[in-house]
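What follows is one structure encoded as structure tokens, with my remarks underneath.
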């Protein structure tokens with residue numbers, strides 16, 4: 001009899017090199033592009049907000065893991081860092097640091113750990129953090145500063161969406177695309193978000209169906225309203241480029257944990273969310289609807305997952 | 001050229017290191033262990049007892065009932081005992097006939113070409129196959145005579161010879177196609193004849209150019225035969241996926257290939273059928289790939305059934321000190337072994353020895369719902385939901401809502417999972433619990 005002992009485990013015996021850590025930290029890496037936009041347009045302060053927010057998220061996660069008796073090392077898997085940075089990117093450029101830290105901690109504790117930690121949350125934690133800050137500090141969360149390239153005396157303080165909604169001022173597409181507009185630190189440059197998002201799509205971490213169906217849905221429903229009354233409602237391109245839609249489409253609605261698991265489900269999900277964006281932007285008291293649209297579809301996710309189950313090979317559907 | 005394929009699947013590193021290594025006949029070991037069960041169905045009934053002299057090819061155990069298969073002595077010698085011995089599939093010990101070789105390797109009845117075997121009737125073919133103890137040699141080991149006798153109301157028009165060999169590392173079928181293409185096609189000819197089928201497809205993955213070339217050279221002599229090059233993708237060689245890829249037909253849930261007029265046979269099974277019907281040779285040896293980074297003499301070996309893994313390793317140059325895992329079969333669906341005492345049985349398509357470099361172990365992390373498992377599932381299942389339901393012990397719902405029993409356990413989901421979740425292990429457990437519940 002041979003004396004050697006061998007590992008017994010179920011098949012398969014080979015695995016990819018992929019890991020949750022790699023997925024998360026690569027996503028953090030892709031955030032360099034929108035983050036670079038924030039620095040370019042608003043200076044280094046937003047970087048500080050991102051840093052503080054990310055640290056706060058990780059610390060909150062560590063404390064909660066400890067209290068829940070879980071492996072504290074999980075706080076470094078990268079997911080909390082993503083939440084922290086994403087939250088910071090949705091905040092105004094000159095946001096108070098302690099408020100950002102509080103928002104990040106709230107996001108981790110209430111939107112993630114209370115549900116059971118990574119993979120278990122129903123809502124996008126970063127957006128819950130932002131919703132919390134909007135309710136807790138309504139003034140700070142809607143106080144915008146001009147980019148470094150806009151003369152302060154010409155600055156009205158309004159974001160492109162607000163400018164249109166309340167004053168019917170249309171911001172030039174060029175500024176919207178490159179990002180020389182007022183708004184949240186990381187949402188202004190459609191171009192840079194697109195670069196980060198495309199990297200994630202190419203890497204296979206984001207299903208293109210989510211951003212595509214979401215954006216096209218906004219364009220479609222926004223377009224219908226524009227055709228009905230072009231003086232009152234903005235055109236589809238403005239809808240796409242202004243506000244937080246790009247950031248939401250590539251970094252928020254695409255959150256693996258809170259989005260549907262099937263290709264068909266993702267399309268349905270994006271369409272519903274896009275409809276909600278237009279509804280909120282045009283008919284509510286808020287100029288922007290990305291955050292609420294995603295939080296609302298988050299609740300529909302389990303239902304969509306059931307609705308859009310793929311056909312099993314050999315299954316005959318009635 | 002059109003390349004056929006299916007939905008889902010993965011591209012693991014193929015590591016077909018032994019593609020260009022010709023089949024080498026391995027010597028007969030001192031002692032051979034023949035488990036009474038080497039097939040799906042009822043165990044065989046021994047026909048010999050301790051001390052009996054046996055000759056090579058002599059039937060030493062007979063099929064017990066319809067779904068069962070006979071076993072033959074792989075060499076001449078003496079029955080040492082019938083004892084429980086480690087089994088490479090059951091992962092426990094099981095009664096095996098132990099034969100002490102006498103070194104003479106004398107035939108009981110030497111295989112000779114039978115006159116006019118090409119004109120054998122379906123009954124003669126099925127009988128010869130049953131007498132030879134042939135089972136599916138791709139790994140599932142279902143008795144072949146049963147597959148060749150479908151009920152009348154399920155006529156079969158299409159025979160598929162499965163040379164996809166989509167499991168990484170394995171090259172036995174590839175080598176057989178390269179070295180004996182005509183014999184494999186004759187086997188397919190006999191299968192077609194037994195079933196009165198009209199078409200034969202030879203399916204080969206496009207990463208085996210040599211095999212494709214050799215088969216296409218001899219194919220024209222066979223009427224109704226067609227070579228189908230399939231995309232290199234795992235699990236291309238899974239029965240249902242292959243049928244779908246080649247014919248567009250879908251085996252109904254819980255059904256069999258014959259429900260859609262198809263029959264899939266592995267390359268080596270086809271070869272065995274040719275040898276049994278044409279020459280009266282029973283199944284006493286098979287080609288097995290020995291590979292993995294812990295093996296010194298990797299290659300494709302013609303091995304007598306009953307040869308212990310230990311003997312295979314010793315006779316081919318040994319293994320490295322740091323082998324930590326031994327697998328019967330391929331790395332995706334093969335079975336990890338706890339000892340090298342296990343013998344090569346009819347279904348042993350490969351023996352893999354891995355060091356830590358390949359045999360990595362992981363701790364499961366929380367599922368992050370990335371849905372990679374959904375994207376790759378060739379059956380259209382939701383592996384993450386199955387695991388959720390099984391963990392919650394909701395087995396019946398897992399079956400009814402999420403198709404637990406449709407899973408073919410190919411392991412694609414577990415392969416791609418960034419959380420290193422052992423889907424297949426959970427699913428096997430779920431199926432077992434379901435059986436227990438009745």
Exercise. Which value results when the Cα radius of gyration for segment B:372-437 is divided by 2.2 N^0.38 Å?
Worked result: 0.98
Exercise. Out of the DSSP beta bridges found with both residues in chain B, what percent are antiparallel (nearest 5)?
Worked result: 60 percent
For this session: Tell me the label-point distance for the pair residue B:196, residue B:140, using the 7 Å Cα-to-Cβ offset, in nm and rounded to one decimal.
Result: 2.5 nm
For this session: List the extent of the Cα atoms of segment A:152-307 along each of their three principal axes, largest first, rounded to whole Å.
Result: 51, 32, 22
Exercise. Within segment B:375-389, whose backbone N sits under 15 Å from a point 7 Å along Cα→Cβ of residue A:115?
Worked result: none
Exercise. 222 nm [θ] for chain A, helices only, -39500 (n - 2.57) per DSSP H run of 4+, per residue, to 500?
Worked result: -17000 deg cm²/dmol
For this session: Give the relative contact order (percent, whole number) for chain B; include only Cα pairs under 8 Å separated by 6+ residues.
Result: 19 percent
For this session: Specify whether the C-alpha gyration tensor of segment B:97-182 places it in the rounded, prolate or oblate class, a ≥ b ≥ c being the square roots of the eigenvalues: rounded for a/c under 1.5, otherwise prolate if a/b is larger than b/c and oblate if not.
Result: oblate
Exercise. Stokes-Einstein at 4 °C, 1.567 mPa s, Kirkwood radius from Cα pairs: D for segment B:117-279 in µm² s⁻¹?
Worked result: 84 µm²/s
Problem set entry | Length-normalised contact order for segment B:293-374 - Cα pairs under 8 Å, 6+ apart - percent | 34 percent
For this session: Compute the Cα gyration tensor for segment A:83-207, then decide on rounded, prolate or oblate, letting a ≥ b ≥ c be the square roots of its eigenvalues: rounded whenever a/c is under 1.5, prolate when a/b is larger than b/c in the other cases, and oblate in all that remain.
Result: oblate
For this session: Among B:40, B:81, rank each residue by its count of other Cβ atoms within 10 Å, from fewest to most, as a rough exposure measure.
Result: B:81, B:40
Seminar exercise, completed: Relative contact order as a percentage, segment B:117-279, C-alpha pairs under 8 Å and 6+ apart, gives 34 percent
For this session: Count the DSSP beta bridges whose two residues both fall in segment B:117-279, then state the antiparallel fraction as a percent rounded to the nearest 5.
Result: 5 percent
For this session: Apply 1/(1 + (r/R0)^6) to the Cβ-Cβ distance of residue B:221 and residue B:393, taking R0 = 51 Å, and write down the FRET efficiency to the nearest 0.05.
Result: 0.35
Problem set entry | Efficiency of FRET between residue B:67 and residue A:303 - r from beta-carbon atoms, R0 51 angstrom, step 0.05 | 0.70
Problem set entry | Where labels lie 7 Å past Cα in the beta-carbon direction, separation of residue A:212 and residue B:434 in nm | 3.4 nm
Problem set entry | Rg(Cα) / (2.2 N^0.38 Å) computed for segment A:206-282, rounded to two decimals | 1.07
Exercise. How many Å³ per residue does the convex hull of the Cα positions in segment B:240-343 occupy?
Worked result: 149 Å³
Problem set entry | Equivalent ellipsoid semi-axes, segment A:1-91, via Cα gyration tensor eigenvalues times 5, rooted, Å | 38, 18, 8
Exercise. Considering every pair of different Cα atoms, what Kirkwood radius, in Å, is found for segment A:167-208?
Worked result: 11.5 Å
Exercise. Within the protein assembly as shown, what percent of beta bridges assigned by DSSP are antiparallel, to the nearest 5?
Worked result: 60 percent
For this session: Neighbouring Cβ atoms within 10 Å as the yardstick, rank B:369, B:114, B:435 fewest first.
Result: B:435, B:114, B:369
Exercise. In vacuo Debye scattering of chain B, one point per C-alpha: log10 I(q)/I(0) at q = 0.14 Å⁻¹?
Worked result: -1.42
Seminar exercise, completed: Yeah, segment A:20-141 with a ≥ b ≥ c from its alpha-carbon gyration tensor (a/c under 1.5 is rounded, else prolate when a/b outruns b/c, oblate otherwise) is oblate
Exercise. Under a GNM of chain A (C-alpha, springs under 10 Å), which listed residue has the highest mean-square fluctuation: A:256, A:291, A:50?
Worked result: A:256
For this session: Averaged over every viewing direction, what's the projected area of the C-alpha convex hull for segment B:194-289? Give it in nm², one decimal, please.
Result: 7.6 nm²
Exercise. Based on the Cβ-Cβ distance of residue B:11 and residue A:264, what FRET efficiency does E = 1/(1 + (r/R0)^6) give at R0 = 30 Å, to the nearest 0.05?
Worked result: 0.80
Exercise. Measuring from a point 7 Å past the Cα of residue A:150 along Cα-to-C-beta, which residues in segment A:188-202 have an amide N at less than 15 Å?
Worked result: A:188-190
For this session: Can you put B:189, B:354 in order of Cβ neighbours within 10 angstrom, beginning with the fewest?
Result: B:189, B:354
For this session: Work out, step by step, the length gained on full extension between residue B:259 and residue B:118: first 0.36 nm times the residue separation, then minus their alpha carbon distance; give nm to one decimal.
Result: 48.0 nm
Exercise. Expressed in nm², what is the orientationally averaged projection area of the convex hull enclosing the Cα positions of segment B:1-135?
Worked result: 13.3 nm²
Exercise. Along the principal axes of its C-alpha atoms, what lengths does segment A:45-97 span, in descending order and rounded to whole Å?
Worked result: 37, 17, 13
For this session: Compute the Rg to Rh ratio over chain A from the alpha carbon atoms, using the Kirkwood formula for Rh, and round to two decimal places.
Result: 1.02
Exercise. Which residue, A:133, A:247, A:237, has the most motion in a Gaussian network model of chain A that connects Cα atoms within less than 10 Å?
Worked result: A:237
Problem set entry | segment A:17-79 and segment B:159-182: distance between their alpha carbon centers, rounded to Å | 49 Å
Problem set entry | Surface/4 estimate of mean projected area, convex hull on alpha-carbon atoms of segment B:322-438, nm² | 8.5 nm²
For this session: Grab every C-alpha pair in the protein assembly as shown, bin the distances at 10 angstrom width from 0 up to the longest one, and report whole percents.
Result: 3, 13, 20, 19, 15, 12, 9, 6, 3, 1, 0
Exercise. Roughly how many nanometres apart are two label points built 7 Å out from the Cα toward the Cβ at residue B:78 and residue A:94?
Worked result: 10.1 nm
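Every read-out reported here was derived from the displayed coordinates using simple, explicitly stated rules and does not represent laboratory data. Keep in mind that this is a model prediction, so the values were computed, not measured. A quick note on method: Cβ atoms are made from the backbone with ideal geometry, for glycine too, and the neighbour counts reach across all protein chains shown.
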